[in-house]
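All of the numbers you see were taken from the coordinates with simple rules; none came from a lab. Worth saying up front: this structure is predicted, and the values here are computed from it rather than measured. Every residue, glycine among them, receives a Cβ derived from its backbone with ideal geometry; neighbour counts consider all protein chains shown.
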Amino acid sequence: MKKTILTNLLIVSTAILFTACSSKEAPVKKAQSIESIIALQQARIASLPLAQTYPIQEEVTPAIRTTTYAPLNYVPPKRYQRAYSAPRVNPYIVINKIEWDAKKLLGKKYVWGATGPYTYDCSGFTQKVFRDAGINIPRVSRDQAKVGQLVDYSHLRKGDMVFFDTHKPRTGKVTHVGIYLGNGNFIHASSGAKKIVIFNFNQKKYYKNRFLWGRRVIHNNTKIASL
C-alpha cells in the first residue's frame with residue numbers, strides 16, 4: 001500500500017515538474033517571430049561548409065572567346081600612336097588619281113540621288129571619286145561644302161571641290177558640286193547635260209557667275225589609309 005502511494009506521488013510530481021518546464025518554455029516560443037526563425041535558419045545554413053550549401057558542379061559549357069574592339073574615339077598611348085597612324089603620301093599622287101578616276105566616269109548618266117556605279121548625281125560622283133582615292137567625304141553637296149580648307153576662286157588648284165548655287169533666283173546656298181581640274185576646267189555630273197562632263201569656267205559663264213567657293217581636302221600632310 002505504501003509502495004503504491006509512493007508510486008502515485010512520484011507520477012504526480014513528475015507531471016507537475018514537466019508542466020512547470022513547459023509553462024516556462026511556452027512564452028519563449030510564442031515570442032518568436034517568423035523573421036527570427038528565418039534569420040536563425042539562415043545563420044545555420046551559413047555555418048555549414050561551402051561544399052554543402054553550394055555544391056561544386058563540373059563545367060560542361062566550353063568557354064567562349066570574345067574579341068574586344070577599341071571605341072571609335074579611341075586615342076592610343078603615345079608609344080603606340082605611330083602604329084595607328086596612316087602613312088603620309090605625296091599629295092600630287094592623290095590629286096592625279098582623283099583626276100584619273102573622275103575622267104574614267106565621263107559620259108556616265110546623271111540621275112538625281114544616284115551614287116553609281118552606272119549613274120550618278122553631282123555629290124554622288126564627287127563622293128565616289130574621293131572615296132576611291134582614300135578620302136571619305138559626306139554624301140550631299142551642302143555637307144561636302146563644310147569640309148576641308150575654304151578656297152576662293154583665284155586660289156583654286158587641281159583636286160579642289162567647287163560649289164555652286166544653281167537656284168533661281170540665287171539664295172547663296174550650295175546646290176551643286178564638281179571637281180576642279182586646273183586651267184579653268186572642272187568635271188561634274190551635270191543635270192543640264194544629263195551626264196558627267198568637263199566644263200570651263202570661262203566658256204560657261206553660268207557656272208562662273210554662280211560659283212560660291214572651293215574646298216581643299218588634300219594637303220601636303222594628307223594621310224591616306226586605303227592607298
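With contacts taken as Cα pairs under 8 Å and at least 6 residues apart, the range 88-216 reaches a relative contact order of 27 percent.
Using equal-weight Cα scatterers in the Debye expression, the normalised intensity of the range 129-197 in log10 at q = 0.27 Å⁻¹ is -1.50.
Taking every DSSP bridge with both residues inside the range 88-216, close to 90 percent are antiparallel.
Give the peptides 110-119, 123-132 in descending order of average Cβ contacts within 10 Å, highest first. Each step should come with its number before you reach the end.
Details: 110-119: 14.0, 123-132: 22.1.
Ranking, from highest mean packing down: 123-132, 110-119.
Convex hull volume of the Cα atoms in the range 88-216, per residue, in Å³?
On the way: hull volume 12.8 nm³, N = 129.
So the per-residue Cα hull volume is 99 Å³.
Taking 0.36 nm per residue of separation and subtracting the Cα-Cα distance, what length does fully extending residue 112 through residue 170 add?
Values: separation 58, 0.36 × 58 = 20.88 nm, distance 2.03 nm.
The residue 112-residue 170 span can extend by a further 18.8 nm.
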